[in-house]
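This report concerns only the one structure given below.
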Amino acid sequence: MVKTKKVIKENMKLVDVVLEVTDARAPLSTHLPDIDGLTVNKDIIMVINKADLADKKITDLWIKHFEHQGTPAVAVDTLRKTGFKQLYDLIRRAKKKTLLKATRCIVIGVPNVGKSSLINQMVGRKSAKTADTPGVTRSKMWLKVDNSLELLDTPGILWPKFEERATGIKLAILGSIKQELLNFEQLSLALIKYLSSNYPRSIQSRYKVCPYIPPTEILEKIAQNRGFLVAGGAFDIDRSAKTVINEFRQGKLGGISLERPDEKGGLWAEISNQDIV
């Protein structure tokens, strides 16, 4: 993290616009808390990526929330190639502060929010490495979109300590934290509890399980329905847990948002008291 922040600060004088990429399912939790200290008063555009995986109504609320705070925001779906016209319009409106002919943008964000996928879509070729794991981009890279626009890719930044425990849980669910550091069973129980309260139909539809029974029983039912068994015929709860997390990340449970602008405390505060990560 220290090395990445140093790279960003060193190159900030070379750029006109900062594109901060967040995950549409948790735009606040994937928002860099110290971005103002990194960007040195540069124009910032909030790119709310993976919009196809989130609840559209809530994503619209997030766009209004960031705009109300003075930060232009746009929802982007790199798979369906939506939101890019609005993004280019926002970049063109930003004030140029360098003497370079092309507008230069630096792309920053936490791991696994889709920075490389965004860049590849903008550049039109696979110039930046992509993977559904954090830490793929490891060095800075300038890429040319056209004669008027250049992008600087950077590694993901993840701060060492979260101000709120719920932030760490959401980042873990989204895949921004290294897999080997996670307790998938506890993480899946947190996600199931959230889904049961906010998106019960996603559990009912995907797993053919009543969403209102305890989360531990839901994991058992999933194992039973899908034939996840270990030696001796016991349910393979670990496999059930990883299935829930992975299918959520892949969007197989439908458009789901893990947070909304007007919430404080509530269910996530309760979930945070559990031993999740």
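The values are calculated or read from the model by the stated rules, or taken from the named source; none is laboratory data. The structure displayed is predicted, hence computed values, not measured ones. A quick note on method: Cβ atoms are made from the backbone with ideal geometry, for glycine too, and the neighbour counts reach across all protein chains shown. Surface areas here come from the heavy atoms of the whole protein model, side chains and all, with no ligands, DNA or RNA. Shrake-Rupley method; radii C 1.70, N 1.55, O 1.52, S 1.80 Å.
With respect to THR103, determine if the residue is on the phi < 0 side of the Ramachandran plot, of a type outside the set (Gly, Ala, Ser) and either open to solvent by 30 Å² or more (accessible area, probe 1.4 Å) or under 20 Å from the mean Cα position of the chain (by Cα) (or both).
no
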Give me the pairs, please: first residue somewhere in the stretch 67-80 and free of Cβ contacts under 8 Å to residues at least 60 places away in the same chain, second residue anywhere and open to solvent by less than 20 Å² (accessible area, probe 1.4 Å) and among the small types (Gly, Ala, Ser), beta-carbon distance under 6 Å, and either six or more positions apart or on two chains.
GLU67/ALA73; VAL74/GLY83; ALA75/GLY83; VAL76/GLY83
Options LEU32, LEU61, LEU28; residue that is assigned to a loop (DSSP other than H, G, I, E, B) and open to solvent by 50 Å² or more (accessible area, probe 1.4 Å)
LEU28
Scan LEU267, LEU219, LEU229, LEU253 and give me the residue that is of a type in the set (A, V, I, L, M, F, W, C) and in contact (Cβ under 8 Å) with a residue 60 or more places away in the chain.
LEU267
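Could you count how many residues in the stretch 65-85 are open to solvent by 100 Å² or more (accessible area, probe 1.4 Å) and either in a helix (DSSP H, G or I) or not aliphatic (A, V, I, L, M) (or both)?
5
Any residue at all in the stretch 209-221 that's surrounded by 15 or more Cβ atoms within 10 Å (Cβ to Cβ), assigned to a helix (DSSP H, G or I) and within 21 Å of the chain's Cα centre (by Cα)? Walk me through how you get there before you give the answer.
Taking the stretch 209-221 first, the residues surrounded by 15 or more Cβ atoms within 10 Å (Cβ to Cβ) are 209, 211, 215, 218-221.
With assigned to a helix (DSSP H, G or I) added as a condition, the list becomes 215, 218-221.
Pick out the ones that are also within 21 Å of the chain's Cα centre (by Cα) and you get none.
No, that holds for no residue.
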Quick check on my filter: what residues within the stretch 167-183 are surrounded by fewer than 20 Cβ atoms within 10 Å (Cβ to Cβ) and either charged (D, E, K, R) or at pLDDT 95 or above (or both)?
LYS178, GLU180
